[in-house]
Amino acid sequence: MTFRFIYQPSEFSRIIPAINIEARANIPAIKNQIGSVIKAYNDTEISKVQDDVLFYKIETTEGVLAGYFSVRIKVNIAVHAILLQYQLRPSFSSYVTQISAQINTFINNGTWNQDYLL
């Protein structure tokens, strides 16, 4: 299966809770927890997406939402990115190795540069 990474600077506050609620059984911090704990966790995850973070949704080529990830941009002598968040929907957990490799290539090749404004 082929996956695309789509830069979403404005929809992260809807995508993060949707994915996390569906995947809550796989997230130790919210597994078997009540709604207020899940909401607090989602609020924390949403607050991580700030000015120095690029948020991407993961989609199949057919447009099915598979998950999300974000990268934090670090500016030292050079500009580089590190993976900050990464979550998949449970139905795509069998593709975790493939998607992780694709994300690593995306970050290492600097493909995120096209979405970053200096």
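Observations on the structure shown:
- Residue list for the stretch 1-16, given a label point 7 angstrom along the Cα-to-Cβ vector of L65 and an amide N cut-off under 16 Å: 4-16
- Distant-in-sequence amide contacts of Q33, defined by a placed amide H-H separation under 5 Å and a gap of 5 or more residues or a different chain, comprise nothing.
- Taking θ as phi - 60° and the Karplus parameters 6.51, -1.76 and 1.60, the scalar couplings of the stretch 92-102 work out to 10, 5, 6, 9, 4, 5, 5, 5, 4, 5, 5 Hz in sequence order, x denoting glycine and proline.
- Annotation: the residues S100, S70, S10, sorted from fewest to most other C-beta atoms within 10 Å of their own C-beta, follow the order S10, S100, S70.
- Amide hydrogen neighbours beyond the local backbone of L84, cut-off 5 Å, H modeled: S70, V71, R72
- About the Cα centre, charge dipole magnitude for the stretch 3-115 (Lys/Arg +1, Asp/Glu -1 at Cβ), debye: 260 debye
- Against the chain, whose longest principal axis is taken from its Cα atoms, helix 35-47 shows a tilt of about 10°.
- With a cut-off of 12 Å between beta carbons, the residues surrounding R4 carry a summed charge of -1, where Lys and Arg count +1 and Asp and Glu -1.
- Placing unit charges on the Cβ atoms of the charged side chains and taking the dipole of the chain about its Cα centre, the candidate lying farthest along the positive direction among S100, F12, A78 is S100.
- Cα-only Debye scattering, the stretch 1-68: base-10 log of I(q)/I(0) at q = 0.13, 0.16, 0.22, 0.29 Å⁻¹: -0.39, -0.58, -0.96, -1.24
- The stretch 3-115 shape via C-alpha gyration tensor axes, a/c threshold 1.5: oblate
- A straight chain from A29 to D43 at 0.36 nm per residue would run longer than the Cα-Cα distance by 3.7 nm.
Where a number appears in this text, it was derived from the coordinates with a stated rule and is not lab data. Small disclaimer: the values here were computed from a predicted structure and weren't measured. All Cβ positions, glycine included, derive from the backbone under ideal geometry; neighbour counts span all protein chains shown.
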